[in-house]
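No lab work stands behind these numbers, since they all come straight from the coordinates. A quick note: this is a predicted structure, and the numbers were derived from the prediction, not measured. Using ideal geometry, Cβ is built from the backbone for each residue, glycine included, and neighbour counts are taken over all protein chains shown.
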Amino acid sequence: MKPFSRILVANRGEIALRIIRACRELGIETVVVYSEADRGAGYLDLADDKICIGPAASEHSYLDISKIIAAAEISNVEAIHPGYGFLSENPQFAEICQSCNLQFIGPTVENIRQLGDKAAARELAKKVGVPVVPGSPGVIADEQEALGVAREIGFPVLVKAVAGGGGRGMRVARDESSFGQAFHAAGSEAELAFKNSDVYIEKYIEKPRHVEIQVMADSYGSVIHLGERDCSLQRRHQKLLEESPSPAVDDDLRERMGKSAIDLTLAADYRGAGTIEFLLDPDGSYYFIEMNTRIQVEHPVTEMVTGIDLVQEQIRVAGGAPLRYRQEDVRIQGHCIECRINAEDPANGFAPSPGRIGEFRVPGGMGVRFDSHVYSGYTVPSTYDSLLGKLIVHRESREEAIGTMRRALDEFVIEGVHTTIPFYREVLKHFHFVKGNLDTGFIEEYLIDS
Ligand code: ADP
């Protein structure tokens with residue numbers, strides 16, 4: 001049975017297209033919203049209907065709750081898919097959807113509220129025995145108290161905003177002398193970005209890997225995990241390349257991390273697709289850092305190695321269906337690598353490079369998937385993030401996946417804008433990457449002055 005007959009897609013670009021595709025396959029009609037900056041974009045024509053919701057600036061379009069709800073009401077949809085970013089982790093939006101009798105395709109309002117507060121999520125993790133990075137018990141009131149905690153856990157420490165996201169609201173303090181500055185900078189950056197200056201403190205783990213576990217839960221208490229993604233290749237705490245399985249995770253560790261992820265998901269009484277992020281210390285310990293309550297950019301990596309369509313499953317579960325898979329049905333097969341192809345200039349500090357795309361030749365062949373809304377003649381707007389698409393390869397082994405990714409990157413031609421393709425060509429041939437020796441400092445250490 002179809003979970004819904006008509007859905008509003010409240011997002012743009014590649015994730016809007018990803019949702020439209022999933023719905024088409026499920027026989028669900030879609031209505032997609034767009035801003036004036038996205039008028040004429042090709043993916044809009046793949047939806048059954050489209051509605052302009054205002055000017056380019058996100059706060060007047062993709063972030064404007066009243067406009068999204070109005071679009072849903074006039075288009076007679078039963079549910080809203082928020083994608084990632086924008087309103088996807090906004091509890092107020094989820095609550096308004098609920099009160100308007102529109103199914104929010106994502107977790108419950110309580111889930112978003114509780115897990116969206118990183119300090120509260122840490123406390124929940126602690127309560128159910130999931131290891132967390134040593135740190136302050138909740139929000140820190142002032143600099144004096146913060147310094148006391150920092151001394152107790154030992155430098156270096158990381159000052160983190162409870163509302164943080166996208167690497168913002170986070171500052172490292174290596175010693176007491178830099179502490180005050182880090183404390184205030186993290187708070188004021190968070191105030192600006194999230195209108196919430198509350199911070200907490202964590203031990204700064206040196207050279208960790210970022211390893212996250214994908215989970216999926218239904219409304220009947222079933223939870224499964226779908227293995228890990230290694231997202232250690234980051235620039236300024238932002239992910240650039242993801243892979244699964246992680247070169248650092250064996251069956252035993254996967255089982256332990258998977259169990260931790262499931263314990264937390266159950267404790268939160270969670271529903272839908274979610275990601276539990278951990279740091280993996282070089283000494284083999286792992287620590288929970290946060291839970292993302294949305295479908296993530298890097299979800300295709302898990303789809304390729306498990307064969308499970310996460311967006312479709314997410315829609316089914318939101319429609320009230322039980323999970324179609326049990327834990328023993330989940331098998332990790334082969335190796336997947338994803339590169340985020342951004343319109344940025346890696347030779348110039350990754351500066352955004354909007355503009356009109358000229359020649360555009362996408363790689364193909366065995367094991368290659370490209371999730372993108374872009375084509376020759378498309379104009380990349382300057383208003384939004386610079387993701388052009390995700391180049392994903394899936395082969396039997398990591399070595400073969402690297403070979404296919406190199407070949408695919410070589411085939412790729414994008415003219416008119418700068419892209420991150422030349423940067424990935426460097427990464428994919430780097431000795432330490434090929435060996436699987438990665439940590440979150442890899443780019444700063446080996447590749448560029450970022
Ligand atoms: P955001 O929500 O902004 O993405 P996260 O808490 O998920 O923030 O952390 C993003 C990245 O920051 C991690 O992948 C890791 O590279 C780094 N990081 C976060 N916490 C720590 C820590 N305690 N020690 C070292 N690095 C950290």
Problem set entry | Pair residue 406, residue 48: separation of 7 Å Cα→Cβ label points (nm) | 4.8
Exercise. Dipole size in debye (nearest 20) for the stretch 209-446 around its Cα centre, Lys and Arg Cβ +1, Asp and Glu Cβ -1?
Worked result: 520
Problem set entry | Alpha-carbon radius of gyration plus Dmax, which is the widest Cα pair, for the chain in Å | 21.2, 62
Problem set entry | Pairwise label distance in nanometres, residue 126 with residue 396, each label 7 Å out on the Cα-Cβ vector | 4.9
Exercise. Using the Kirkwood formula over every pair of different C-alpha atoms, what hydrodynamic radius in Å results for the stretch 134-203?
Worked result: 11.4
Exercise. Under a straight-distance cross-link criterion of Cα-Cα below 17 Å, which lysines are reachable from residue 67, leaving out those fewer than 8 residues away in the same chain?
Worked result: 50
Exercise. Looking at the stretch 193-284, which trypsin sites (Lys or Arg not before Pro) are DSSP coil and have at most 14 other C-beta atoms within 10 Å of their C-beta?
Worked result: 195, 236
Seminar exercise, completed: Going through 203/239; 127/195; 127/259; 118/160 one by one, the pairs whose alpha carbons sit over 19 Å apart turn out to be 203/239; 127/195
For this session: Round to the nearest 0.05 the FRET efficiency obtained for residue 256 and residue 328 when R0 = 25 Å and r is the Cβ-Cβ distance.
Result: 0.90
For this session: Order the peptides 139-146, 221-228 from the highest to the lowest mean number of other Cβ atoms within 10 Å of their residues.
Result: 221-228, 139-146
Problem set entry | Computed label-point distance, nm, for sites residue 376 and residue 191 using a 7 Å Cα→Cβ extension | 5.2
For this session: Sequence neighbours fewer than 8 away in the same chain don't count; with that in mind, list the aspartates and glutamates whose C-alpha is under 13 Å from residue 126.
Result: 263, 290
For this session: Give me the aspartates and glutamates in straight-line cross-link reach of residue 2: C-alpha distance below 20 Å, same-chain residues under 8 apart excluded.
Result: 25, 29, 48, 49, 78, 218, 309, 313
Seminar exercise, completed: Other residues with Cβ under 13 Å from the Cβ of residue 195 give, with Lys and Arg +1 and Asp and Glu -1, a net charge of -3
Seminar exercise, completed: Applying the gyration tensor rule to the Cα atoms of the stretch 29-85 (axes a ≥ b ≥ c; rounded if a/c under 1.5, else prolate if a/b exceeds b/c, else oblate), the class is oblate
Problem set entry | Potential extension, residue 219-residue 36 segment - 0.36 nm per residue separation minus Cα distance | 62.1 nm
Exercise. Do you know the relative contact order of the chain, to the nearest whole percent, from alpha carbon pairs under 8 angstrom that are 6+ apart?
Worked result: 14
For this session: List, in order, the whole-Hz ³J(HN,Hα) value for each residue of the stretch 63-79 obtained from phi through the Karplus relation with A = 6.51, B = -1.76, C = 1.60 and θ = phi - 60°; use x for Gly and Pro.
Result: 9, 8, 4, 5, 5, 5, 5, 4, 4, 5, 5, 6, 9, 6, 8, 9, 8
Exercise. Considering only the other residues whose Cβ falls under 12 Å of the Cβ of residue 265, what net charge follows from Lys and Arg at +1 and Asp and Glu at -1?
Worked result: -1
Exercise. In debye to the nearest 20, how big a dipole does the stretch 366-450 give about its Cα centre with +1 on each Lys and Arg Cβ and -1 on each Asp and Glu Cβ?
Worked result: 280
Exercise. Which residue, chosen from 211, 227, 183, occupies the Cα position most advanced towards the positive end of the dipole of the stretch 170-250, where the dipole is computed from +1 (Lys, Arg) and -1 (Asp, Glu) charges on Cβ about the Cα centre?
Worked result: 183
Problem set entry | P(r) of the stretch 209-446 over all Cα-Cα pairs, binned every 5 Å from zero, in whole percent | 1, 6, 14, 18, 18, 16, 13, 8, 5, 1, 0
For this session: Could you list the trypsin sites (Lys or Arg not before Pro) in the stretch 308-387 that lie in coil according to DSSP, counting only those with at most 16 other Cβ atoms within 10 Å of their Cβ?
Result: 324, 326, 331
Problem set entry | Environment charge at residue 280 (Cβ cut-off 13 Å; Lys +1, Arg +1, Asp -1, Glu -1) | -4
Exercise. Taking amide hydrogens as modeled 1.01 Å from N in the peptide plane, which residues meet the under 5 Å criterion relative to residue 218, leaving out close sequence neighbours?
Worked result: 272, 323
Exercise. Over the stretch 6-105, what relative contact order in percent results from Cα pairs under 8 Å that are six or more residues apart?
Worked result: 30
